[in-house]
1. Out of residues 5 or more away from Lys197 or on other chains, whose amide H comes under 5 Å of its own, with H placed 1.01 Å from N in the peptide plane?
2. Which order, highest average first, do 228-236, 117-125 follow once you tally other Cβ atoms within 10 Å for each residue and take the mean per peptide?
3. About its Cα centre, what dipole magnitude does the chain give when the only charges are +1 on Lys and Arg Cβ and -1 on Asp and Glu Cβ, stated in debye to the nearest 20?
4. Could you go through the range 297-305 in sequence order and give the Karplus-derived ³J(HN,Hα) for each residue, using 6.51 cos²θ - 1.76 cosθ + 1.60 with θ = phi - 60°, rounded to whole Hz, and x for Gly and Pro?
5. If amide hydrogens are placed 1.01 Å from N in the peptide plane, which non-local residues have theirs closer than 5 Å to the one on Val138?
6. Between Arg66 and Ser128, what length in nm is gained on full extension when 0.36 nm per residue of separation is reduced by their alpha carbon distance?
7. Under a straight-distance cross-link criterion of Cα-Cα below 19 Å, which lysines are reachable from Lys189, leaving out those fewer than 8 residues away in the same chain?
8. Taking the Kirkwood radius as the inverse of the mean 1/r across Cα pairs, report the Rg/Rh of the chain.
Amino acid sequence: MAFPKSSRLFCPSRVCSPGVFARRYSQQQHKVAALLSQPLPKGTWDSHMHVVDPDRYTLAPDAKYRPHAHTLEDAKAFYSQLGIQNMVLVQPSIYGNDNSCMLDALRELTPRHGRAVVGLDPRAIDHSTMQKWHALGVRGARLNLVSVGREVTESELRSELQAYARVLKPLDWVVQLYIPLRLATPLEKIVPDLGVKVCVDHFGWPTMPDPSDPSQATSPFQMTGFESLVSLLQKQTWVKLSAPYRLSKDPDMRDMDPIGQVLIKEARDRTVYATDWPHTRFDGIDSVPFIERCFEWCENDPELIERLFRDNAEELWDASPVR
């Protein structure tokens, strides 16, 4: 689906300073109806976004990149154009296990409209700290292998996830995984023993086939790990439909259609929508076409749309309905 440039909603440019994006969009009287073919459900959740402010909050020594500031003020301006009321803040890799930037934003957001997924060392964290975070709206911890380029064996993955499960289970938190799709195969054997909810980032992070190479997979089920992912989604695992621009090899993202369609068809109760705002390391991302693509994958079925954009997230993140 093509959109006229005048109606496109872009992420803030990296050259924006704090608040510039908010002021810019407050001056543009766009209406949601002009951006989307239909409004998002009331109470929609964005299940994956970040706030970053390197000038106020020191990055981890091993941070792989240094973004410009994208604050909660900027995020609210972005969401107001789409009609999104609720957001899940996710700890980015550049801050390591220092959650200060994100938790300060969560305090301002309040648990009514916000949840958060922290970074932590499961072998060092204390329960009292987690209880304080829980009161703020934290409902998960993230294991991020992709951003840091870390490889693990099946036994290492099992050991690490068991350590997370031990500290997350008492508070019924989610273990959020940013791992390559191929690891869904061993994950299928590990998750049933954990006793916690699991959420997998960004479509499970598949390696998309080269459209110019006919020998590569054309069906999602030909991708290593995809069948295991679908199996996991039948129980206590969720997947985020998010960040297609990080995966797709097609400017129009049509190569994502088979994956999106299968995930919604096979796991209508276990898919959640997310923007991945502010699209770190990518410039000029237009969020509208992906939302429209999600509508298409739901075949414009109002019930499926409500599940993807709201109901499944409320269950996953232990959130009370906000309409």
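Quick note: the coordinates plus some simple rules give every number you see, no bench work behind them. This structure is a prediction, so every number in the text was calculated from the model and none was measured. Positions of Cβ are backbone-derived with ideal geometry, glycine not excepted, and every protein chain shown enters the neighbour counts.
1. Val175
2. 228-236, 117-125
3. Roughly 720 debye, rounded to the nearest 20.
4. Once rounded to whole Hz, the list reads 4, 7, 6, 6, 6, x, 5, 5, 4.
5. Sorted by chain and number, the residues that satisfy this are Ala116.
6. Working it through step by step, the gained length comes to 19.1 nm.
7. Qualifying lysines at Cα under 19 Å: Lys169, Lys197, Lys235.
8. Across the chain, the Cα-based Rg/Rh ratio is 0.94.
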